[in-house]
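The values are calculated or read from the model by the stated rules, or taken from the named source; none is laboratory data. Everything numeric here is computed off the predicted structure, so don't read it as measured data. Here Cβ is always computed from backbone atoms with ideal geometry, including for glycine, and neighbour counts include all displayed protein chains. Heavy atoms of the whole protein, side chains included, go into the accessibility calculation; ligands, DNA and RNA do not. Shrake-Rupley method; radii C 1.70, N 1.55, O 1.52, S 1.80 Å.
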Amino acid sequence: MEQGNKVILMMRHISKNFPGVVALSNVDFTLREGEIHALMGENGAGKSTLIKVLTGVEEFETGEIRVIDRKEPIINRSPHEAQENGISTVYQEVNLCPNLTVAENLFIGREPMKRGMIDWKTMNKRSKEILMNLDIDIDVAVALENYSLAIQQMIAIARAVDMSAKVLILDEPTSSLDDNEVEKLFQLMRHLKDKGVGIIFVTHFLEQVYEVCDRITVLRNGKLVGEYEVEKLPRVQLVAKMMGKDYDDLAAIKKQNDNQEIGLGEVLISAEQLSHSGTIKPFDLKIHKGEVIGLSGLLGSGRSELARAIYGADKADAGELKVNGKKVLIGAPIDAMKLGMGYLPENRKEEGIIADLTVRENIIIALQAKRGMFRLISKKEQEEFTDKYIDLLKIKTADREVPIKQLSGGNQQKVILGRWLLNNPDFLILDEPTRGIDVGTKTEIQKLVVQLAREGMAIMFISSEVEEMLRTCSRMVVLRDRCMVGELEKEQLGQDSIMRAIAGGAVNE
Amino acid sequence: MSKMRYIAGRIMGYRLFLPLLCLAIVLLVNVVKTPSFFEITIRNGVLYGYIVDIMNRSSELVILSIGMTLVVAASGGTDISVGAVSAVSGAVAIFILGGGQTSTDFYHAPYLLGFLAAIAVGALLGAWNGFLVAKMKIQPMVATLILYTAGRGIAQLITEGQILYLRVDHFKQLGGFIPGIPLPTPVFVAILCILVTLLLLKKTALGMYIQTVGINSKAARLVGLNSTRIKFLTYAFCGLCSGIAGMIITSRVYSIDANNAGLNIELDAILAVALGGNNLGGGRFSLLGSVIGAVTIQALTTTLYAMKVSADQLYVYKAVVVILIVALQSAELKRMLKNLRVRVAVQTGKEVA
Ligand SMILES: Nc1ncnc2c1ncn2[C@@H]1O[C@H](COP(=O)(O)OP(=O)(O)OP(=O)(O)O)[C@@H](O)[C@H]1O
Ligand SMILES: [Mg+2]
């Protein structure tokens, strides 16, 4: 083809059905040597399924897959076989073993051996090297679960990269990374690209696509919309192709910015010297009714941990918490819920979804838990509630009785969001609420957040995306090294001031 | 054609399809081997026949498998002490009702007292297991191993190492027949236990809570559930079931032998849960599946007896059949077969080309 770029992977006429859902229908996909190829589409468009089919996690019904150097079409029956065919993958949900060490995770299934035994020394040393190459300096002999989701993500990537693949697949790898980490990842990707690796990159961040990608393939409702070169497809058109209609996400966001005038209500939550040893140092914070308060800081700065201490996810071990002026003791999340709080956790797979339960059960479970065991929400109400949020959040599912694990990543996220909206809390903590959610819905959710605040709800908003915070938050708290270091009032909010504060510049204290 | 396929798909997709199929196969073997298997006759005003026998004999296993199902679902572990706990409950009942005598033919205390004491002791021992598993976070297998071994010792202490007999006709009724009723009493007890549990699971949020905790206990906590309490409850409930089963077991033989009452029944109870298509790792469960599993195990035993397999060979045959049934339900095997088909298809495709 152009510039002598060799095709290294070709998928033709791929179809895949799930009961009640056409996940892929007659999809083509081509990957060339040394290119970064974005795979884009709305939530549930079929991106992850295309990848699973390619890597043998799921079987496909029709079509064929060819790779370079092979005359026959290949069928990968397992990710392991795919790896043998030179295809390495980082899946949307981190797929490592939390209780194994970092090194073990990096070398699982291919441990260096010495005299029939695992050679721990070499393994740890090589792990250290691999991670150093990615600028990750951590103790590799510690269990993976001790690290944040972002670090885990980086380790999953490091593992895939180290398998010396010809094709590297990254399914939404950046959704839990902050700007610096994204930049590191991009460096790595460009480096691999120069070495001739073809990279398939799934993301919902348009800026990132325009930053690193060469080509874009767009899917919509399981069908191929087309393949485009990045320079020839302006952003507005890309969004239109994904959504199947004209939609200017930037304009929608601007409009929303204009009406962000929120008057501060009375104090709802007030924390005094609240802390949880090991995760967040003592902090003072007042949260008012009707405000969206943002927590910003680097990963590991303690922003999630601050929220968890308030909610009782990590029981605060010192300090005082007042709700509506009354001193309260929160021993477990249920106490917080009864005081009118809600918490959407950062880690969807580990702490959010209840994988085998249906969409309906996942939506009503928190409300049901609050009501107590003996006051079962009637079947009819359960269905009404579920349908309401399927509608409101445009959750794409074949039926409300489908296990949530069968939904696409973004749609799972919407279900969890629905769960907390149904609870109608006075104070809602949203930790990365738009993670994995597509462009169109993302602005909808941001609007919803602002709307809820205007109706009087207090919202704590945590996001790695600074722009998103700017759009929604009326005040921002800055954290560094597990410590709250200051606040930025509305007038001070701006990309630069935030970045400076996060990195350690001057903040009014 | 496609409609037939659709219907077939629906039937096979039904959760209890495989467990029911297994039970049906076990029963159908008898059509060939023992034609008299399905006959039911009336003698002395009560029903007789292999089928009645299966229902009767499986009762205590059914009851135990109910408790076991909930324990497995909530904690992803098994309670291996149910047999021993049954023995303790039985010992308590006979000790109270028989006044501690080795052999007696009248009640020394009201029946209800003995019955309730037995069940309360069962629940108490279950609560102990629950405390160890839920509160102390000890692995279920290890936690219940304590009562698995110590339970029989406790029962021995109560019976002072002897077999206690209670030759009261009324006492035999729970494990036998109530005059004027043609079906054995254990069947009614088992059905009652199933109904009460189903009611509890469906009319309250307990079923949903148990599954949530079993699937993802971190998420369960964040949505406001107290997984410690829920796990504890399932173990206590399982102990209660063991108490009821213990009453039936002792009533059948109107005596308690601390060493042998309910011996090895915990293994059958666990197996019943597995045969019912339940994941022993916890989470989603089907109570009726376990019940069918329990009946299948008993049907298998009865079938083998009907085919005149001697008692000492029984276990070998049973093991073989169990392996077959478990294999039939295994998703991994299904995948392997499918892969094999694909491979064969690819091979033949090549030859054609
Ligand atoms: N195991 C499954 N069983 C049933 N349906 C499934 C299963 N996996 C995916 N689907 C359905 O297939 C469709 C495509 O899902 P897929 O995960 O590929 O979407 P996606 O493009 O990756 O979306 P997202 O951006 O939210 O990650 C969805 O409608 C989803 O509900
Ligand atoms: Mg996806």
**Study point:** Rounded tilt (10° steps) of B:111-130 against the dominant C-alpha axis of chain B
**Key:** 50
Check your understanding: Can you pull the Rg over Rh of region A:384-509, Cα-only, Kirkwood?
Key -> 1.03
Exercise for review: In whole Hz, with x marking every Gly and Pro, tabulate ³J(HN,Hα) for region A:107-112 from phi via Karplus 6.51 cos²θ - 1.76 cosθ + 1.60, θ = phi - 60°.
Suggested key: 10, 3, x, 8, 5, x
**Study point:** Top of B:T69, B:T212, B:T149 by mean-square fluctuation, Gaussian network on chain B, Cα under 10 Å
**Key:** B:T149
**Study point:** Positive-pole candidate from B:L113, B:G277, B:I178, dipole of chain B, charges at beta carbon
**Key:** B:G277
**Study point:** Interface B:A - total buried accessible surface [probe 1.4 Å, Å², rounded to 100]
**Key:** 2500
Study note, to complete from the structure: Heavy-atom accessible area with a 1.4 angstrom probe orders A:K245, A:K166, A:K71, most exposed first, as A:K71, A:K245, A:K166
Exercise for review: With a 1.4 Å probe and every protein chain left in place, work out the accessible area per residue of region B:145-303 in Å², rounded to a whole number.
Suggested key: 37
Review point. How much accessible area does A:M113 have with a 1.4 Å probe, in Å² rounded to the nearest 10?
Key: 120
Point to revise | At R0 = 60 Å, FRET efficiency that the Cβ-Cβ distance of B:M336 and A:D139 yields, to 0.05 | key: 0.90
Check your understanding: Of all accessible surface on the protein assembly as shown at a 1.4 Å probe, what whole percent is carbon and sulfur?
Key -> 57
Check your understanding: In debye to the nearest 20, how big a dipole does region A:38-151 give about its Cα centre with +1 on each Lys and Arg Cβ and -1 on each Asp and Glu Cβ?
Key -> 460
Practice item. Sort out the exposed loop trypsin sites (Lys or Arg not before Pro) in chain B (DSSP loop, at most 12 other Cβ within 10 Å) and tell me the longest stretch that has none. Key: B:138-307
Study note, to complete from the structure: From DSSP H assignment alone, runs of 4+ in chain A each adding -39500 (n - 2.57), the sum over residues rounded to the nearest 500 puts [θ] at 222 nm at -10500 deg cm²/dmol
Practice item. May I ask you to work out the translational diffusion coefficient for region B:135-181 at 20 °C, viscosity 1.002 mPa s, via Stokes-Einstein with Rh from the Kirkwood sum over Cα pairs, reported in whole µm²/s? Key: 154
Review point. When DSSP assigns beta bridges and you keep just the ones with both residues in region A:259-503, what percent turn out antiparallel, to the nearest 5?
Key: 55
Revision key, fill the gap. Ignoring ligands, DNA and RNA, the residues of region A:368-399 whose accessible area with a 1.4 Å probe is reduced by 40 Å² or more relative to the chain alone are A:A369, A:M373, A:L376
Review point. Among A:L274, B:G289, B:A73, which residue has its Cα positioned farthest towards the positive end of the charge dipole of the protein assembly as shown, with +1 placed on the Cβ of Lys and Arg, -1 on the Cβ of Asp and Glu, and the dipole taken about the Cα centre?
Key: B:G289
Point to revise | For region A:320-469, the spread of Cα positions along each principal axis, largest first, Å | key: 46, 44, 29
Practice item. Can you sort A:D314, A:D481, A:D284 by 1.4 Å-probe accessible area, starting with the largest? Key: A:D481, A:D284, A:D314
Practice item. State, as an integer percentage, the relative contact order of chain A based on alpha-carbon contacts under 8 Å between residues 6 or more apart. Key: 15
Review point. What percent does the relative contact order of chain B come to when contacts are Cα pairs within less than 8 Å and at least six residues apart?
Key: 30
Study note, to complete from the structure: Rounded to the nearest 10 degrees, the helix B:17-33 long axis (Cα) sits at an angle to the longest Cα principal axis of chain B of 80
Revision key, fill the gap. Residue-normalised 222 nm signal for chain B, counting each DSSP H run of n ≥ 4 as -39,500 (n - 2.57), nearest 500 deg cm²/dmol, is -23000 deg cm²/dmol
Point to revise | Gaussian network model of chain B, Cα within-10 Å springs - most flexible of B:F188, B:F285, B:F232 | key: B:F188
Exercise for review: Please give the solvent-accessible surface of A:Y210 in Å², to the nearest 10, using a probe radius of 1.4 Å with every protein chain present.
Suggested key: 70
Practice item. Would you work out the charge dipole size for region A:383-482 about its Cα centre, treating the Cβ of every Lys and Arg as +1 and the Cβ of every Asp and Glu as -1, and quote it to the nearest 20 debye? Key: 260
Exercise for review: Report the normalised scattering of the protein assembly as shown as log10 I(q)/I(0) at q = 0.04, 0.06 Å⁻¹, calculated by the Debye formula with identical scatterers on the alpha carbons.
Suggested key: -0.22, -0.50
Exercise for review: Can you find, among A:L185, B:Y254, B:S59, the residue farthest towards the positive end of the dipole of the protein assembly as shown? Put +1 on the C-beta of Lys and Arg, -1 on that of Asp and Glu.
Suggested key: B:Y254
**Study point:** Lys pairs under 14 Å by Cα in chain B, provided they are eight or more residues apart or on distinct chains
**Key:** 5
Point to revise | Fraction of antiparallel bridges per DSSP, the protein assembly as shown only, in percent to nearest 5 | key: 55
Practice item. Give me D for chain B in µm² s⁻¹, whole number, from Stokes-Einstein with Rh from the Kirkwood sum over alpha-carbon pairs, 25 °C and 0.890 mPa s. Key: 113
Check your understanding: Counting Lys and Arg as +1 and Asp and Glu as -1, each charge on the Cβ, what is the dipole of the protein assembly as shown about the Cα centre in debye, to the nearest 20?
Key -> 2300
Practice item. State, to one decimal in nm², a quarter of the convex hull surface area for the C-alpha atoms of chain A, i.e. the direction-averaged projected area. Key: 25.3
Check your understanding: Each residue of region A:423-428 in turn: what ³J(HN,Hα) in whole Hz from Karplus with 6.51, -1.76, 1.60 and θ = phi - 60°, glycine and Pro shown as x?
Key -> 5, 6, x, 7, 10, 10
